[in-house]
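J.: Okay, handing you the structure first.
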Amino acid sequence: MPLTDPLRIIGDDAASDQLVTAIGHRTGILPVRVDEEPRPGDVVVRIDPDAAAEAYALTVGEIVELTGSANGLLHGIRTLMQLLADDGDGRWTWRRARIADAPRFAYRGVMLDVARRFFPVDEVEKVIDRIADLKFNHLHLHLSDDQGWRIHIDSWPLLSQLSSTVSATGDGRATGGGCYSKDDYRTIVSYAASRGITIVPEIDMPGHTHAIGIAYPELVEAPVMNEHLLDDAKRLGHALPEAGVPYTGWGVGHSSLRIHEKRTYEFVRDVLAELAELTPGPYLHIGGDESLGTSPADFAYFIERATGIVQELGKTPVAWHEAGAAEVAPGTVGQYWGLLAPDASHAEHTAHFVERGGRVILSPSDAAYLDMKYDHDFPLGLAWAGTVDLHRAYDWQPTALLDIPADAVAGVEAPLWTETVESLDEADQLMFPRIAAIAEIAWSTSDRTRDWNDFRERLAAQAPAWRADGIRFHPVPEIDWSDR
């Protein structure tokens, strides 16, 4: 069905405004808002008070009709834009369709590592737009790591002054840093909410805390070297961590908070309390991964206390799966980053979250990690979990991954770690097109409804929209990419 010019849109203000912007950006046709009875060619957008959360119904015929919950309308708009095509003669048309749709998982996330490579607010907003178009509904911001601290905390001001001055990318050298003010963070939260996305902030503890020691050395132990760290530093030519000196290498497992100091827990509570006040969403992520510089007993003690603090602040704690070795606070959400063929201890630790009344977010590193190379020759990314081509990113089953009940799977998240990323364009190359595969896994009603060949055809048709949005995707050879 051809688009009329002007195109008339009738209905819900918030959703209609986003549709006006999307159509104008894509086609150059500027829709007009009217409050009249619909006629052929019009688009009608209405809230359905009885629709389930994030559900929508879309009919594209003589009239385009979209109904759903508030967030469902946003998802329906994204589907409608995917049905928009250029006929090759400068005319825009809708492909006819009748769709009733709702997501499989309530948690569909992307993680952006802003600690190693700082992304300013405008770039974070572009990432939000990209993932919203694919119907993700959570953005997990990795705000702290050995290389940098990225959020201002009033009660501990030296973090933003001293611990955010560099980023560590490329070949392990230092590049420009950055830190979000509280107003910056509020801007990100508000922008995300307007697109149906919840921000999940992460402060990684008790390991990955070298940057904290730059500002407050009394909180952090001296670096503990491990074999993997030493091997990586030698192989890559990176400097080893040194107390009080910003760390720009890629090695992990050397840092630890001082577990038995009262001051440490004053710091943890202050930071998490300020972050909780800024974050309307339900989750605070406390990290808990790769804490090789912390003894198992001290790690368990810290995790129990930290997850309890999050609960006392009225939030749901989230932690990487290693934290399942501890008595996490009841209801804590675990995030699995192991392999598709799980290591026994990783599986056991993840299952412990479920035993404690929590649920699990799945981020298998050899399928969902967006920073893994497509192949060994790809210039960006790492390959410690193997290479991840598009088919591998698409061809796995969330509820079959671990021996936990299907309803214990909260959802799926695709992390982008940024050791090798120096620009948004490079982030795009690693994210796209694999992020679309993860989006389909997270949304599809069941694993049986997914079809690789059908996905390839639908994905090929998205190339013009991605190009129009300035997304520098990697044109993987498995897809016959459309040029219009």
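J.: Kindly identify the range 28-175 as rounded, prolate or oblate by the Cα gyration tensor criterion: order the square roots of the eigenvalues as a ≥ b ≥ c, call it rounded if a/c is under 1.5, otherwise compare a/b with b/c, prolate if a/b is larger, else oblate.
T.: Working: a/c = 2.99, a/b = 2.26, b/c = 1.32.
Cα axes put the range 28-175 in the prolate bin.
J.: Could you give the size of the charge dipole of the range 107-468 about its Cα centre, using +1 on the Cβ of each K and R and -1 on the Cβ of each D and E, expressed in debye and rounded to the nearest 20? Each step should come with its number before you reach the end.
T.: Numbers: 29 positive and 54 negative charges, 131 e Å.
Charge dipole of the range 107-468: 640 debye, to the nearest 20.
J.: A further question on this structure: Net charge around Glu312, counting only other residues with Cβ within less than 11 Å of its Cβ (Lys, Arg = +1; Asp, Glu = -1)?
T.: Residues close to Glu312 contribute a combined charge of +3.
J.: Something else: Return one number: the angle in degrees, 0 to 90 and rounded to the nearest 10, between the long axis of the Cα atoms of helix 121-133 and the longest principal axis of the Cα atoms of the chain.
T.: Result, in degrees: 50.
J.: Among 298-305, 467-474, 9-16, 114-121, how do they line up from the highest to the lowest mean number of other beta-carbon atoms within 10 Å? Present the calculation step by step, with values, prior to reporting the outcome.
T.: Values: 298-305: 20.2, 467-474: 15.8, 9-16: 18.2, 114-121: 22.6.
Sorting 298-305, 467-474, 9-16, 114-121 by mean packing, highest first, produces 114-121, 298-305, 9-16, 467-474.
J.: Looking at Ile153, Ile63, Ile131, which one has the Cα that reaches farthest to the positive end of the dipole of the chain (charges on Cβ: Lys, Arg +1; Asp, Glu -1)?
T.: Final value for the positive-end residue is Ile63.
J.: Share of Cα-Cα pairs in the range 393-444 beyond 17 Å, in percent? The partial results should precede the final answer.
T.: Details: 614 of 1326 pairs.
The calculated P(r) of the range 393-444 puts 46 percent of pairs beyond 17 Å.
J.: Quickly work out the Trp452-to-Arg39 label distance, labels modelled 7 Å from Cα along the C-beta direction, and quote it in nm with one decimal.
T.: It is 5.1 nm.
J.: Additional query: Output the antiparallel fraction of DSSP beta bridges having both residues in the chain, as a percent to the nearest 5.
T.: 35
J.: Just the C-alpha atoms of the range 240-305: what Rg/Rh do they give, with Rh taken as the Kirkwood radius?
T.: On the way: Rg = 13.8 Å, Rh = 13.8 Å.
Rounded to two decimals, Rg over Rh is 1.00.
J.: Now a separate question. Pull out a ≥ b ≥ c, the square roots of the eigenvalues of the alpha-carbon gyration tensor of the range 107-468, then state rounded if a/c is under 1.5, prolate if not and a/b is larger than b/c, and oblate in the remaining case. Let's see the in-between values first.
T.: On the way: a/c = 1.41, a/b = 1.28, b/c = 1.11.
Here the range 107-468 falls in the rounded category.
J.: With respect to the cross-link table entries Lys182/Lys234; Lys135/Lys234; Lys262/Lys315; Lys234/Lys373; Lys182/Lys262, which display a Cα-Cα separation exceeding 32 Å? All intermediate terms of the calculation are to be shown ahead of the outcome.
T.: On the way: Lys182/Lys234 39 Å; Lys135/Lys234 42 Å; Lys262/Lys315 22 Å; Lys234/Lys373 22 Å; Lys182/Lys262 26 Å.
Listed pairs above 32 Å: Lys182/Lys234; Lys135/Lys234.
J.: Still on this model: Using only C-alpha atoms and all pairs of different ones, pull out the Kirkwood radius for the range 281-351 in Å with one decimal. Numbers along the way, then the final one.
T.: On the way: mean 1/r = 0.0821 Å⁻¹.
That comes to 12.2 Å for the range 281-351.
J.: If one takes the longest principal axis of the Cα atoms in the chain, at what angle in degrees, from 0 to 90 and to the nearest 10, does the Cα axis of helix 296-312 lie?
T.: 50
J.: Stretch Gln82-His376 to full length: gain in nm at 0.36 nm per residue minus the Cα-Cα span? Spell out each step's value before the answer.
T.: Working: separation 294, 0.36 × 294 = 105.84 nm, distance 3.23 nm.
Computed gain between Gln82 and His376 is 102.6 nm.
J.: Pull out a ≥ b ≥ c, the square roots of the eigenvalues of the alpha-carbon gyration tensor of the range 358-484, then state rounded if a/c is under 1.5, prolate if not and a/b is larger than b/c, and oblate in the remaining case.
T.: Working: a/c = 1.95, a/b = 1.30, b/c = 1.50.
Judged from the Cα gyration tensor, the range 358-484 comes out oblate (a/c at least 1.5, b/c at or above a/b).
J.: Now, a different point. Fully extended, how many nm does the chain gain between Ser194 and His228 (0.36 nm per residue separation, minus their Cα-Cα distance)? Working shown, then result.
T.: Details: separation 34, 0.36 × 34 = 12.24 nm, distance 4.30 nm.
This chain segment gains 7.9 nm when fully extended.
J.: Could you tell me what % of all Cα pairs in the range 8-101 have separations over 17 Å? Intermediate values should be presented prior to the final figure.
T.: Working: 2002 of 4371 pairs.
For the range 8-101, the fraction of Cα-Cα distances above 17 Å is 46 percent.
J.: Quick one: length gained pulling Glu261 to Arg95 fully straight, 0.36 nm per residue minus the C-alpha distance?
T.: Numbers: separation 166, 0.36 × 166 = 59.76 nm, distance 6.30 nm.
Contour length minus Cα-Cα distance gives 53.5 nm.
Every number here is computed from the coordinates shown, using simple stated rules; none is lab data. No experiment lies behind these values; they were computed from the predicted model shown. When we count neighbours, we look across all protein chains shown, and the Cβ atoms used for this are built from the backbone with ideal geometry, even at glycine.
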